[in-house]
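The values are calculated or read from the model by the stated rules, or taken from the named source; none is laboratory data. It should be emphasised that the depicted structure is a prediction, and the values quoted were computed from it without experimental measurement. Here Cβ is always computed from backbone atoms with ideal geometry, including for glycine, and neighbour counts include all displayed protein chains.
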Amino acid sequence: MTSTDQQPFLSVRDLKVHFSTEDGIVKAVDGLSFDVEKGKTLGIVGESGSGKSVTNLTILGLHDRDRTAIDGEILLDGKELLTATERELERLRGNKMAMIFQDALASLSPFHTIGKQIGETYRKHTGASKKEARARAIEMLRRVGIPQPDMRVDDYPHQFSGGMRQRAMIAMALVCDPELLIADEPTTALDVTVQAQIMDLLKDLQREFGTAIVFITHDLGVIADVADDVLVMYGGRCVERGTKKEVLRAPQHPYTLGLMSSMPSLDGPVDVPLSPIPGSPPSLLNPPSGCRFHPRCTFAEKVAGGLCSSERPALEVVAGRGSACHLSIGQRQEFFADFAASRH
Ligand SMILES: Nc1ncnc2c1ncn2[C@@H]1O[C@H](COP(=O)(O)OP(=O)(O)OP(=O)(O)O)[C@@H](O)[C@H]1O
Ligand code: SF4
Ligand SMILES: [Mg+2]
């Protein structure tokens with residue numbers, strides 16, 4: 001079955017990724033579901049340790065298999081990835097799905113030229129000759145905006161600037177035209193101008209190839225720029241999802257509201273004081289009971305019967321829009337409006 005049969009290109013269902021450690025079980029991802037369509041970008045946002053990278057490494061099959069218990073479903077173009085063999089996954093990585101990371105140096109070998117590394121990935125998946133692979137590497141470097149690609153193709157990673165290395169990594173990820181690209185904080189280490197250039201580049205490539213992109217970040221400003229849909233993660237779970245417009249214009253979850261209040265306004269007045277979310281992200285070794293956000297939530301006391309600390313709120317999703325909170329939508333609208341007013 002293909003994604004044209006009205007099935008999303010990537011479909012993650014009730015994913016659980018639990019690590020066995022000396023201290024106990026780390027529930028890094030704990031019942032996560034989402035879809036990504038071809039040609040669309042899903043932005044995944046959440047604080048450090050919320051399970052963003054683990055989710056995406058699991059999609060790619062790059063997790064540590066020995067100490068990891070995984071449950072759920074990951075369908076890529078109809079193919080179940082969790083039961084795929086290492087060989088099948090290796091074929092899919094590069095060909096069908098690829099990933100770019102925050103740190104290009106960690107994913108590029110210092111001992112081989114940029115051209116060789118891009119070319120080898122191409123050869124591995126297509127069986128092209130060395131000559132063809134080199135030509136393809138030059139073409140990819142040109143496409144990601146490296147000047148004089150026919151010269152720079154013979155450079156080693158240390159001869160590239162940080163921004164150029166990031167582009168080279170993108171070139172390597174895209175050399176086999178993957179249909180799914182996972183970008184894990186790919187611009188965080190770069191200065192703002194280069195960040196903007198890289199994001200423009202990803203958008204251009206997406207327009208050209210119809211790539212589905214999962215873009216991981218802790219920065220809502222980046223989400224506002226790149227995403228079509230947004231998934232907000234907290235403590236290994238989705239707390240809110242919807243289109244970018246829905247989530248950023250009218251957040252439904254207190255955590256999303258907290259994230260938005262802790263960063264400069266995207267389009268509002270610049271003099272509104274920032275209010276960081278109190279406390280720190282939960283331990284996933286021993287996560288809070290009930291709603292994992294309850295120890296930090298300013299609205300928890302508004303819910304009767306101590307429900308926030310005793311019962312997990314279900315993620316209720318209607319037509320792709322959903323949030324997991326015990327407050328009624330009406331209550332949230334009222335409380336959030338009061339909260340916004342108190343900040344002015
Ligand atoms: N191999 C592992 N063994 C045990 N725990 C792990 C392992 N990998 C990740 N974790 C834990 O899983 C949780 C989620 O980690 P993850 O890397 O997905 O967070 P993240 O949302 O990507 O954070 P950041 O924004 O800092 O990159 C963390 O508590 C982390 O310590
Ligand atoms: S369920 Fe309770 S603690 Fe969790 S976000 Fe809603 S109000 Fe806050
Ligand atoms: Mg991460």
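Test HIS18 against the criterion of being surrounded by 16 or more Cβ atoms within 10 Å (Cβ to Cβ), within 16 Å of ligand 3 (Cβ to nearest atom) and of a type outside the set (A, V, I, L, M, F, W, C), and give yes or no. Against the criterion (surrounded by 16 or more Cβ atoms within 10 Å (Cβ to Cβ), within 16 Å of ligand 3 (Cβ to nearest atom) and of a type outside the set (A, V, I, L, M, F, W, C)), HIS18 does not qualify. Applying the condition of being touching a residue at least 40 places away in the same chain (Cβ under 8 Å) and farther than 23 Å from LEU190 by Cα to segment 120-154 and asking which residue is surrounded by the most Cβ atoms within 10 Å (Cβ to Cβ) yields THR121.
Yes/no per residue for (1) assigned to a strand (DSSP E or B); (2) more than 16 Å from ligand 2 (Cβ to nearest atom); (3) of a type in the set (Val, Ile, Thr); (4) without any contact (Cβ under 8 Å) to a residue 12 or more places away in the chain:
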position	(1), (2), (3), (4)
ARG13	yes, yes, no, no
ASP30	yes, no, no, no
PHE34	yes, yes, no, no
GLY43	yes, yes, no, no
VAL54	no, yes, yes, no
ARG65	no, yes, no, yes
ILE74	yes, yes, yes, no
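To keep it simple, each residue is scored yes or no on (1) crowded, with 16+ Cβ neighbours inside 10 Å; (2) touching a strand residue (DSSP E or B) at 6+ places or on another chain (Cβ under 8 Å); (3) assigned to a helix (DSSP H, G or I).
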| residue | (1), (2), (3) |
| --- | --- |
| THR298 | no, no, no |
| GLU301 | no, no, yes |
| GLY322 | yes, yes, no |
| LEU327 | yes, no, no |
| GLN331 | no, no, yes |
| GLU334 | no, no, yes |
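For segment 23-46, a tally of residues being closer than 20 Å to TYR255 by Cβ and within 12 Å of the chain's Cα centre (by Cα) returns 6.
A single member of GLY46, GLY78 is outside the structural domain of ARG312 (by TED's automatic domain parsing), touching a helix residue (DSSP H, G or I) at 6+ places or on another chain (Cβ under 9 Å) and surrounded by fewer than 16 Cβ atoms within 10 Å (Cβ to Cβ), and it is GLY78. Would you mind stating whether LEU105 is in contact (Cβ under 8 Å) with a residue 40 or more places away in the chain and crowded, with 18+ Cβ neighbours inside 10 Å? No: the conditions fail for LEU105.
Screening SER289 against (1) part of a loop (DSSP other than H, G, I, E, B); (2) on the phi > 0 side of the Ramachandran plot leaves a single unmet condition, (2).
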